[in-house]
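Participant: Let me give you the structure first, and then I'll get to my questions.
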Ligand code: PLP
């Protein structure tokens, strides 16, 4: 489903002036229209989904335009700037590397790449002791899929079945969309891989069977022989709604994969690097350590870098030159990622996310209880989501969610456009360096916007 587009007609909005937010112009800013309109002319329509704000700079937990407006950021871009926007330590690492000068190295060795790869291996639990650096999240999930298939076929010719979860998102390239659990995103693919199987996600409020028997049942119904499964992939929490699996389910899944020699892949692209209050999201699942994990987003503080980290026997399935990428571990991105990870650890931001989760999560649930348009609230640490629904149903309410994002934008609170099934989910994911009073102020703005949107007829509806 294509999302609504935010209007480019400036409207007068009340002036906002707090320590963390400042809105002093109509929005969108009339002077910004040439940039916004030119972008709509020269970029694909797919890029038009976000609130019409021309970013000038972003620092810590705030985003600024160049007309004096300042937004408190509940987006982290898209869960990327976990350490905060433009932290000095990250900038210094980028500048130092650029000034060496060292901009590119392909797959030739470099100090930057070894330092980052060694840090990831040090932080990952056994048996995840080898790394392959890439650029985007979708590349890592494609790579994990390829490794699982290759691994399966190394054991038995027919061990090619791959399992994914309904509602999951793993990227927008061909392979990553085929292993995603949203059929609407696959409508352009005439022949989806018949050996990819989708099973219900146990943490979704719309299909609440949380038992692991549902997994077995779904595979049996699809005629899948467990011995032929080469891998199972899941987001550690399902991104759109910030839904976690029940712990017993995740542990049973780990045991099932071990029993059937299938690789368990956690897509940690949103959950990794402290977002949920632990360094890795799967730590919430006890001993359900994966065979491969996919990392991206929060890894680098802002630069394009991603990684697959996994079992050495799997990561070494391909020989020299057979699994590479032009920009693998680009030195500037690698230096930025290392600096960002060191900062995350030095400031113990996973702990801060855990502590502030004690504020965010109860608040989201309180908001849900108070507002019948919120069908469900979920999350952990500093990620949460409110699922906007048509009251009395579980049907996603995209126009309402979209209007709430717009009202927040007009009040100096930045959320990205609603996501998830039917575009009904509002995602709350500030940089992990946010302070409690900033978080509370943002939540108050969100609730005001929610109340106003629910009370008024929606524009154009
Ligand atoms: N996996 C998850 C869970 C994601 O949230 C995303 C992006 O939103 C991806 C994979 C794809 O990452 P990228 O957009 O960097 O390709």
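The values are calculated or read from the model by the stated rules, or taken from the named source; none is laboratory data. In this text the structure is predicted, and so the values were computed from the model without any measurement. Cβ: placed from backbone, ideal geometry, glycine included. Neighbour counts: every protein chain shown.
Participant: For the stretch 298-322, which residues satisfy the criterion of being within 15 Å of the ligand (Cβ to nearest atom) and in contact (Cβ under 8 Å) with a residue 60 or more places away in the chain? Spell out how you get there, then give the answer.
Facilitator: Keep residues of the stretch 298-322 that are within 15 Å of the ligand (Cβ to nearest atom), which gives 298-309.
Answer for the stretch 298-322, where residues must be within 15 Å of the ligand (Cβ to nearest atom) and in contact (Cβ under 8 Å) with a residue 60 or more places away in the chain: 298, 300, 301, 302, 303, 304, 305, 306, 307, 308, 309.
Participant: Taking the stretch 156-168 only, how many residues are part of a strand (DSSP E or B) and within 11 Å of the ligand (Cβ to nearest atom)?
Facilitator: Of the residues in the stretch 156-168, 0 are part of a strand (DSSP E or B) and within 11 Å of the ligand (Cβ to nearest atom).
Participant: So which of 252, 227, 262, 221 is away from the ligand (no atom under 16 Å from the Cβ) and free of Cβ contacts under 8 Å to residues at least 40 places away in the same chain? First the steps, then the outcome.
Facilitator: Numbers: 252 fails: free of Cβ contacts under 8 Å to residues at least 40 places away in the same chain; 227 fails: free of Cβ contacts under 8 Å to residues at least 40 places away in the same chain; 262 fails: free of Cβ contacts under 8 Å to residues at least 40 places away in the same chain.
Of the residues listed, the single one that is away from the ligand (no atom under 16 Å from the Cβ) and free of Cβ contacts under 8 Å to residues at least 40 places away in the same chain is 221.
Results for (1) outside the structural domain of residue 253 (by TED's automatic domain parsing); (2) within 16 Å of the ligand (Cβ to nearest atom); (3) under 17 Å from the mean Cα position of the chain (by Cα); (4) part of a helix (DSSP H, G or I), shown as yes or no for each residue.
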position	(1), (2), (3), (4)
122	no, no, no, yes
127	no, no, no, no
138	no, yes, yes, yes
151	no, no, no, yes
154	no, no, no, yes
170	no, yes, yes, no
176	no, yes, yes, yes
181	no, yes, yes, no
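Participant: Could you list all residues from the stretch 86-100 that are within 26 Å of residue 268 (Cβ to Cβ) and in contact with a helix residue (DSSP H, G or I) (Cβ under 8 Å, 6 or more places away or on another chain)?
Facilitator: Just the residues of the stretch 86-100 that are within 26 Å of residue 268 (Cβ to Cβ), to begin with: 86-87, 89-91, 93-94, 97.
Matches in the stretch 86-100: 87, 89, 90, 93, 94, 97.
Participant: Also: Please pick out the residue among 6, 74 that is in contact (Cβ under 8 Å) with a residue 40 or more places away in the chain, surrounded by 19 or more Cβ atoms within 10 Å (Cβ to Cβ) and not assigned by TED's automatic domain parsing to the domain that holds residue 432.
Facilitator: Selected residue: 6, the only one of 6, 74 that is in contact (Cβ under 8 Å) with a residue 40 or more places away in the chain, surrounded by 19 or more Cβ atoms within 10 Å (Cβ to Cβ) and not assigned by TED's automatic domain parsing to the domain that holds residue 432.
This table checks each residue for (1) within 16 Å of residue 414 (Cβ to Cβ); (2) outside any helix (DSSP H, G or I); (3) at pLDDT 95 or above; (4) not assigned by TED's automatic domain parsing to the domain that holds residue 304.
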residue: 31; (1), (2), (3), (4): no, no, yes, yes
residue: 39; (1), (2), (3), (4): no, no, yes, yes
residue: 51; (1), (2), (3), (4): yes, yes, yes, yes
residue: 59; (1), (2), (3), (4): yes, yes, yes, yes
residue: 63; (1), (2), (3), (4): yes, yes, yes, yes
residue: 93; (1), (2), (3), (4): no, no, yes, no
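Participant: Any residue that is over 30 Å from residue 101 (Cβ atoms) and away from the ligand (no atom under 16 Å from the Cβ) - is there at least one of those in the stretch 323-340?
Facilitator: The first filter runs over the stretch 323-340 and keeps only residues over 30 Å from residue 101 (Cβ atoms), leaving none.
No, every residue in the stretch 323-340 fails to be over 30 Å from residue 101 (Cβ atoms) and away from the ligand (no atom under 16 Å from the Cβ).
Participant: Can you go through 137, 171 and tell me which one is closer than 22 Å to residue 202 by Cα and in contact with a helix residue (DSSP H, G or I) (Cβ under 8 Å, 6 or more places away or on another chain)? Give the derivation first.
Facilitator: Numbers: 137 fails: closer than 22 Å to residue 202 by Cα.
Exactly one of 137, 171 is closer than 22 Å to residue 202 by Cα and in contact with a helix residue (DSSP H, G or I) (Cβ under 8 Å, 6 or more places away or on another chain), namely 171.
Participant: Tally the residues that are within 25 Å of residue 285 (Cα to Cα) and touching a strand residue (DSSP E or B) at 6+ places or on another chain (Cβ under 9 Å), restricting the search to the stretch 124-135.
Facilitator: Looking only at the stretch 124-135, we keep the residues that are within 25 Å of residue 285 (Cα to Cα), and these are 124-132.
Now narrow it down to the ones that are touching a strand residue (DSSP E or B) at 6+ places or on another chain (Cβ under 9 Å): 124, 127-132.
The total comes to 7.
Participant: Please list, ordered by first then second residue, the pairs with beta carbon atoms under 8 Å, 6 or more apart or interchain, first in the stretch 99-124 and modelled with pLDDT under 95, second assigned to a helix (DSSP H, G or I).
Facilitator: Here the result reads none, with nothing in the stretch 99-124 linked to a residue that is assigned to a helix (DSSP H, G or I).
Participant: Would you check if there is a residue in the stretch 189-196 being at negative phi and not in a loop (DSSP other than H, G, I, E, B)? Give the steps one after another, and end with the answer.
Facilitator: Of all residues in the stretch 189-196, those at negative phi come to 189-196.
Next, only the ones that are not in a loop (DSSP other than H, G, I, E, B) stay: 196.
Checked against the condition, which is being at negative phi and not in a loop (DSSP other than H, G, I, E, B), the stretch 189-196 yields at least one hit.
So that you can scan it fast, the table gives a plain yes or no per residue for (1) under 23 Å from residue 152 (Cα atoms); (2) away from the ligand (no atom under 16 Å from the Cβ):
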| residue | (1), (2) |
| --- | --- |
| 199 | yes, yes |
| 234 | yes, no |
| 241 | no, no |
| 293 | yes, no |
| 296 | no, no |
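Participant: Return the pair list, or none, for Cβ contacts closer than 7 Å from residues in the stretch 139-159 that are more than 15 Å from residue 195 (Cβ to Cβ) to residues that are more than 16 Å from the ligand (Cβ to nearest atom) and part of a helix (DSSP H, G or I), at least 6 apart or on different chains.
Facilitator: Between residues of the stretch 139-159 that are more than 15 Å from residue 195 (Cβ to Cβ) and residues that are more than 16 Å from the ligand (Cβ to nearest atom) and part of a helix (DSSP H, G or I), the close pairs are 147/314.
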